[in-house]
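Peer 1: Let me give you the structure first, and then I'll get to my questions.
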C-alpha cells in the first residue's frame, strides 16, 4: 500500500466536503488531485453520511483513472457487538452506496479503545475487537468479501489498550493523533503533562507493520488560524478550545515571525516525522487547500524549528 504525503480529510471540522457548495468541493478535490494527492478520507458520521454522498457525486463526474482512492470509517454501537459481522457489512455497504463505489481502499473502526466499556457508548475493549467473532473478524470478513482492500483503527482511547490492538496485527493501519501541541505519539511526555499521552503508538505501528495516518495535525484548526467557526472540538483529555488556544499561542511565540501561514508550519511539522505514511489535513475553504499544498512543496519543517519545539515541549 502506497500513500501520498498528504491526504484530504472529508470531515466535519474542516468541512469543505460538507459545508461548501458543489463547485467549491469539485475545485478542491481536483486541486489536490492535480498536486498528486490521490486519497480522500471520510466517515459515515461526517454530516451523517453527507460527506460520503458529496464525494460520491464528484467521483461519478471523473474518469475512473482520475478518481482518488477513498477510505471511510464506521462508529459501531454496543448493540452491534451481538453480530459485528452483519453490522460492519451493513455499514460498509451503505457507505459504498453513498460513495457510488464497489470497494474501498481502506475501511476503519472509528471507535475509541479502552480497557472498560464504561467510558461511553463509543468505546470498545481489546476483547470486543479481538475475540473470536468480534470486530476484527468482522472487518476481515469484509476484506475477504472484496468490499475493502485494507482495514484500520482509530488510535484514540486508552493508549495501552490501543497498543494491544496494534500488536495483534489484525489491522493494517492506524489513525494516530499528532501535532505541535501534543507530539506524544512520537516522544515521551514531560512530567506533569496533563492531557492525553499517546506514548509508544508510532513505535508500536512501526514494530507491527501498520501504516500510519497522522490526524489532527492542525489541532482542529487551532494551529491554522485565529478565526473560530465553532467546530474546533478537542478530542484529548483536559482540553477545551480556550486551553488549546493558549497552547497554540505559546508555540507561535516560541517560533517567532515566519514567512508562511501557521497552518503551513503545522503541516510541515507532521511531514518531518517519517513514521507517518501520510498526513491528513482538513480544509474549510479553498485557501486552506492552497496552504496545505504549498506546505507540501516546501517540505518538512526545518531542523532548528524542530529542535526549538522539542526542547520547549520537554521543559514546559
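The values are calculated or read from the model by the stated rules, or taken from the named source; none is laboratory data. Note that the structure is predicted; figures quoted are calculated from it, not measured. Ideal geometry is used to build each Cβ from the backbone, glycine not excepted, and the neighbour counts take in all protein chains shown.
Peer 1: Tally the residues that are surrounded by fewer than 22 Cβ atoms within 10 Å (Cβ to Cβ) and in a strand (DSSP E or B), restricting the search to region 263-300.
Peer 2: 1
Peer 1: Residues of region 251-262 being without any contact (Cβ under 8 Å) to a residue 40 or more places away in the chain, surrounded by 17 or more Cβ atoms within 10 Å (Cβ to Cβ) and part of a helix (DSSP H, G or I), which ones?
Peer 2: 262 - this is the single residue of region 251-262 that is without any contact (Cβ under 8 Å) to a residue 40 or more places away in the chain, surrounded by 17 or more Cβ atoms within 10 Å (Cβ to Cβ) and part of a helix (DSSP H, G or I).
Peer 1: If you take the residues in region 137-159 that are part of a helix (DSSP H, G or I) and touching a residue at least 40 places away in the same chain (Cβ under 8 Å), which one is surrounded by the most Cβ atoms within 10 Å (Cβ to Cβ)?
Peer 2: In this case the residue turns out to be 139.
Peer 1: Quick check on region 172-191. Is at least one of its residues assigned to a helix (DSSP H, G or I), surrounded by fewer than 24 Cβ atoms within 10 Å (Cβ to Cβ) and touching a residue at least 24 places away in the same chain (Cβ under 8 Å)?
Peer 2: Within region 172-191, not a single residue is assigned to a helix (DSSP H, G or I), surrounded by fewer than 24 Cβ atoms within 10 Å (Cβ to Cβ) and touching a residue at least 24 places away in the same chain (Cβ under 8 Å).
Peer 1: Of all the residues that make up region 149-179, how many are within 16 Å of residue 275 (Cβ to Cβ) and in contact with a strand residue (DSSP E or B) (Cβ under 7 Å, 6 or more places away or on another chain)?
Peer 2: Adding up the residues that qualify gives 11.
Peer 1: Something else: Wholly within region 37-134, which helices (runs of 4 or more DSSP H) include no fewer than the required count, namely at least 2 residues that are at positive phi and surrounded by fewer than 17 Cβ atoms within 10 Å (Cβ to Cβ)? Please lay out each step first, then the result.
Peer 2: Values: elements: 50-61, 84-99, 126-130.
Of the helices (runs of 4 or more DSSP H) lying wholly inside region 37-134, none has at least 2 residues that are at positive phi and surrounded by fewer than 17 Cβ atoms within 10 Å (Cβ to Cβ).
Peer 1: Before we move on, is residue 248 more than 30 Å from residue 137 (Cβ to Cβ) and assigned to a helix (DSSP H, G or I)? First the steps, then the outcome.
Peer 2: Working: more than 30 Å from residue 137 (Cβ to Cβ): yes; assigned to a helix (DSSP H, G or I): yes.
So residue 248 passes the test.
Peer 1: Just to be sure before I move on: is residue 303 surrounded by fewer than 15 Cβ atoms within 10 Å (Cβ to Cβ), at pLDDT 95 or above, within 20 Å of residue 29 (Cα to Cα) and over 17 Å from the mean Cα position of the chain (by Cα) in the structure I sent? Break it down into steps so the answer makes sense when it comes.
Peer 2: Numbers: surrounded by fewer than 15 Cβ atoms within 10 Å (Cβ to Cβ): yes; at pLDDT 95 or above: yes; within 20 Å of residue 29 (Cα to Cα): no; over 17 Å from the mean Cα position of the chain (by Cα): yes.
Spelling it out, it is not the case that residue 303 is surrounded by fewer than 15 Cβ atoms within 10 Å (Cβ to Cβ), at pLDDT 95 or above, within 20 Å of residue 29 (Cα to Cα) and over 17 Å from the mean Cα position of the chain (by Cα).
Peer 1: Among the residues of region 1-18, count how many are surrounded by fewer than 17 Cβ atoms within 10 Å (Cβ to Cβ) and touching a residue at least 60 places away in the same chain (Cβ under 8 Å).
Peer 2: 1
Peer 1: So, one more: Would you pick out the residues in region 19-36 that are without any contact (Cβ under 8 Å) to a residue 40 or more places away in the chain, surrounded by fewer than 17 Cβ atoms within 10 Å (Cβ to Cβ) and farther than 26 Å from residue 211 by Cα?
Peer 2: The answer is 21, 22, 23, 26.
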